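Engineer: Below are the structure tokens for one structure; questions will follow.
The values are calculated or read from the model by the stated rules, or taken from the named source; none is laboratory data. Source: prediction; values computed, not measured. As a convention, Cβ positions derive from the backbone with ideal geometry for all residues, glycine included, and neighbour counts pool all protein chains shown. All accessible areas refer to the heavy atoms of the entire protein, side chains included, with ligands and DNA or RNA removed. Shrake-Rupley method; radii C 1.70, N 1.55, O 1.52, S 1.80 Å.
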Amino acid sequence: MTNPQDAAYPLHALLRFYPPVYVVDALIERLKVGTVVVPEEVQDPLSQTPLHVAVSAGCSLDVIERLLQGESLCMPSMTKDNLDRFPLHWACTSPHKYKPWTRKRMDEIDDRWNLIHYLLEQYPVAIVIPDKYQQTPLDYARQNKLHKTIIELLTRAATEFERYAPCRKVLVESTEVTSVVSASEHVPEELPMV
């Protein structure tokens, strides 16, 4: 292991190396033995859950889905790290290094689009909440020149959220999840996703 802290956070360390889902599942099951801690919700010193690490490292959608299907009570997709970023922010922060028109390039675009779409389904409010630097996921996607289909997905999601949530200002200004719950009477039960 390259970092001494990796021993204290083995799931975080593993996710940095793009493991297949069966390896992640085996480690999670091993970490559950003899403890009440839910491995999917453990936060490292940067306040990142395994989901934050998996998204920023570029793990497969299967791994992301596995992390969200755990017994977690804290809802990892709704958890902020020390930069006030949700996993959706991290999905939009790493720049894509697209190669010329190749099948691999199109697969990378599809994978990123699917990941962002999945995270939007899990926690659509994250699209309009800025991080510590006042940047939203859409801002990061534009800065990092993500593919136009991804920018369109994020733009539609932000537009739909603003249309259905007149309480947007309350949600964005608050750092408490309780504000989202108290404002929910103004938001339809299901926001239409693109």
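Engineer: So, with +1 on the Cβ of K and R and -1 on the Cβ of D and E, and no other charges, what is the size of the charge dipole of region 12-68 about its Cα centre, to the nearest 20 debye?
Structural biologist: About 140 debye.
Engineer: While we're here: How much accessible surface area, in Å² rounded to 10, belongs to the heavy atoms of Arg66 with a 1.4 Å probe?
Structural biologist: Accessible area of Arg66: about 30 Å².
Engineer: Counting other Cβ atoms within 10 Å, which trypsin sites (Lys or Arg not before Pro) in region 124-154 have at most 14 and lie in a DSSP loop?
Structural biologist: Lys132, Lys145
Engineer: If Tyr123, Tyr18, Tyr9 are ordered by their accessible area, calculated over protein heavy atoms with a 1.4 Å probe, which sequence runs from highest to lowest?
Structural biologist: Listed by decreasing accessible area, they come as Tyr18, Tyr9, Tyr123.
Engineer: Take Thr35 and Glu65, extend 7 Å from each Cα along the Cα→Cβ direction, and tell me the distance between the two endpoints in nm.
Structural biologist: Label-label distance for Thr35 and Glu65, simple model: 2.7 nm.
Engineer: Can you give me the distance in nm between label points at Val21 and Asn82, each placed 7 Å from the Cα along the Cα-to-Cβ direction?
Structural biologist: Placing both labels 7 Å beyond Cα along the Cβ direction yields 3.2 nm.
Engineer: Now a separate question. Can you give the FRET efficiency for Arg163 and Glu121, using 1/(1 + (r/R0)^6), R0 = 22 Å, r = Cβ-Cβ distance, to the nearest 0.05?
Structural biologist: In this case the efficiency is close to 0.80.
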